[in-house]
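Remarks on the structure that follows.
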Amino acid sequence: MSLPLWIAAWALLLHGCAAGRAPQAPSTRSDIRDCSAEPPYLPPTATNSTARLAVLRGILRTHGVHAYIVPSTDAHMSEYISERDARLGWLTGFTGSAGTAVVTRDKAALWTDSRYWTQAERELDCNWELQRTTSIESIATWILKEVPAEGNVSLDPFLFSIDTWNSYSRALRGSGRTLLPVETNLVDQAWGDQRPPPSSSEIYSLPAEFTGSRWQDKVAGIRQRMEQHARRPTAVLLSGLEETAWLFNLRGDDIPYNPVFYSYTLLTNTTISLFAEQSRLSQEARQSLRSGCPGPLCVELQDYGQVSAHLRRYAQGNVTVWLGTEYTTYGLYAIVPQEKLLEESYSPVMTAKAVKNAHEQEMLRAAHVRDAVAVIQYLLWLERTVPHGQVDEFSGAQRIDAFRWAQEHSRGPSFESISASGLNAALAHYSPSNGSSRTLSAREMYLFDTGGQYLDGTTDITRTVHWGEPTPLQKEAYTRVLMGNIDLSRLVFPSNTAGRTVESFARRALWDVGLNYGHGTGHGIGNFLSVHEWPVGFQSNNVPLEAGMFTSIEPGYYQDGDFGIRIEDVALVVEAQTEHQSGEKPFLTFEVVSLVPYDRNLIDLSLLSPEQIRYLNSYYERIRAHVGPELRRQQLEDEYVWLQESTEPFAVSSAGSAAAGSLALAALLSVLLSGLGA
């Protein structure tokens with residue numbers, strides 16, 4: 001199949017079900033808003049945005065603005081943001097991690113993807129139209145309809161990526177509307193003195209035993225890449241927060257769950273400039289950064305707010321600035337003349353960070369062993385307490401966080417724990433609150449997606465369980481999600497294969513019966529850094545997979561208003577042991593480093609092939625070998641017994657007719673790889 005046709009076919013498979021739906025009747029559910037009712041019905045989770053919109057609209061009039069675009073990110077294109085940067089959440093009440101709002105003088109709308117549609121219906125009031133897409137074309141079409149000709153459409157250029165700015169510019173070109181950058185953020189003006197203050201916590205050096213290499217060696221490596229590039233750039237601009245943190249082996253606490261700090265770096269052939277709040281640097285961090293002064297390894301410390309002025313001065317010379325367009329805002333990008341830019345999707349720091357060295361790999365493995373102990377403690381605790389009605393979603397999330405905090409080198413959770421029972425689990429990124437939390441029940445499925453930050457690594461794992469009698473659909477859906485997880489985890493593929501090429505292996509078992517899921521299949525993960533670490537993963541804008549990369553593998557299925565399933569493991573890309581080798585580079589496969597057994601109560605063995613059962617048994621042997629001794633070292637005998645029972649091998653004779661699917665799977669890989677030239 002040709003490449004364009006293959007992509008079109010896949011798009012139809014992924015999204016075709018959304019088309020042609022009949023109009024739905026007004027909702028009778030009490031957990032979501034109903035703006036068609038008289039008076040409109042709002043659940044207690046909705047936020048009253050009337051006063052905030054009124055203040056913002058007054059500011060729009062003052063600035064001569066007819067529409068203002070508000071993104072969900074910050075000045076560093078961060079996925080997770082601080083409360084101070086949660087402009088979209090403050091304005092709308094919507095707390096999802098991805099969305100865009102547009103406010104005109106009399107209307108307001110929010111765009112978000114399928115992960116958050118139900119959540120948005122719970123959190124928005126009826127001032128907001130919900131647009132069930134994230135395409136800029138849709139946003140621009142709405143703006144052209146609502147904004148009069150000659151009207152001004154404004155945004156903060158330091159909150160939008162280069163590609164997003166260019167997309168809006170193209171969409172509005174020739175329409176009579178003007179795309180007007182306003183560097184004073186208008187939502188911040190409306191927020192006023194109620195906006196949370198900036199962080200004042202310490203920026204500190206990571207202990208040497210928890211670093212992959214010295215920061216001086218990392219700088220030398222990046223400078224070597226600069227010299228080897230055909231364009232011979234004179235500088236690299238780093239805007240992503242984890243880029244600077246990784247490069248200098250520094251950590252902070254500016255964003256919840258992410259040990260990063262607000263910063264930029266301009267690294268040239270002979271100088272290093274770090275832009276951060278200098279007063280927050282620990283004495284040890286300051287000494288480390290200044291230890292090479294004077295000289296090419298001397299880090300010049302400058303105030304965070306000076307990056308634009310410094311970059312503007314630097315760009316006046318005979319220079320070439322290398323930057324990653326995925327993490328650089330249009331506001332910074334526009335400072336450097338076009339002919340002096342070297343643009344690639346990701347900076348050389350981002351791509352270097354993605355491939356872990358041997359020490360970093362061992363640290364992440366070790367972190368996952370201890371993390372497995374905490375998750376197993378939680379699963380046993382749930383088995384003992386849920387039947388008595390003593391656990392709700394919120395207290396469950398608190399409990400697993402506490403188990404993780406007790407582990408060695410723990411620095412807390414790596415994101416807000418997803419603890420979802422019954423219909424709440426159908427929301428892919430639901431998180432409970434103390435005020436609205438369902439009681440866990442043996443009659444419902446329970447999904448928990450949680451992770452930990454440890455000095456030696458970051459973890460992320462999802463398990464779905466049922467303590468009672470699951471329905472046939474629940475059991476089949478769970479088993480097919482597990483089959484997808486197994487099929488991708490045990491896949492052997494050529495070096496330099498793009499993740500998007502093999503992503504459909506995680507979906508095949510679901511596709512076989514007309515099921516699917518609406519989120520990505522995986523993401524990179526850091527060494528005590530971001531739980532979602534680009535550019536690794538299975539999406540179209542991820543880099544090809546290389547040995548040393550870590551990625552999650554997380555297929556799922558969600559039955560809206562009923563239940564949700566996700567099985568997520570973190571895996572390391574490793575060289576495969578194959579009988580033959582074609583080409584210079586060895587083939588690759590995955591080593592799963594998450595070490596927690598799956599729920600036996602939800603597995604229909606008759607759907608599994610013998611190969612899939614053998615894989616499960618081998619995986620369970622590794623869990624016993626690595627986690628069992630750690631449980632005994634921590635004197636957790638009950639958990640050790642639970643682990644032995646939960647990892648009993650499955651009988652291969654229990655396999656059903658799914659074995660024939662292995663041939664189809666191999667054929668599918670051949671087609672995908674040949675179609676994409678991987």
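What the table below lists for this structure:
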{"item": "Accessible area (Å², per residue) of the chain, counting only protein heavy atoms and a probe of 1.4 Å", "result": "41"}
{"item": "Per-pair calculated FRET efficiency, R0 = 35 Å: Lys107 and Arg312 via Cβ, rounded to 0.05", "result": "0.40"}
{"item": "Estimated FRET transfer efficiency when R0 is 41 angstrom, pair Val513-Trp405 (beta carbons, to 0.05)", "result": "0.50"}
{"item": "Accessible-area ranking of Ser495, Ser609, largest first, probe 1.4 Å", "result": "Ser495, Ser609"}
{"item": "18 Å cut-off, amide nitrogen to a point 7 angstrom out along Asn357 Cα→Cβ, residues in region 437-457", "result": "456-457"}
{"item": "With every protein chain in place, region 120-269: carbon and sulfur % of accessible area (1.4 Å)", "result": "46"}
{"item": "The chain: Lys pairs at Cα distance under 23 angstrom, eight or more positions apart or on different chains", "result": "5"}
{"item": "Accessible-area composition of region 395-536, carbon plus sulfur, in percent [1.4 Å probe]", "result": "47"}
{"item": "Size of charge dipole - region 174-329 - debye, nearest 20, with Cβ of Lys, Arg +1 and Asp, Glu -1, no other charges", "result": "620"}
{"item": "Helical mean residue ellipticity (222 nm; -39500 (n - 2.57) per DSSP H run of 4+; nearest 500) of the chain", "result": "-10500 deg cm²/dmol"}
{"item": "Accessible carbon and sulfur surface of region 592-657 relative to its total accessible area, %, 1.4 Å", "result": "47"}
{"item": "Dipole magnitude (debye, nearest 20) for region 308-459, charges at Cβ of Lys, Arg, Asp, Glu", "result": "240"}
{"item": "Extended-chain gain in nm, criterion 0.36 nm per residue less alpha-carbon gap, Ala37 and Arg384", "result": "120.6 nm"}
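The values are calculated or read from the model by the stated rules, or taken from the named source; none is laboratory data. None of the values given here were measured: they were computed from a predicted structure. Quick reminder, even Gly has a Cβ in these numbers, built from the backbone with ideal geometry, and neighbours come from all protein chains shown. Side chains are part of the model used for accessible areas, which takes the heavy atoms of the whole protein and leaves out ligands, DNA and RNA. Shrake-Rupley method; radii C 1.70, N 1.55, O 1.52, S 1.80 Å.
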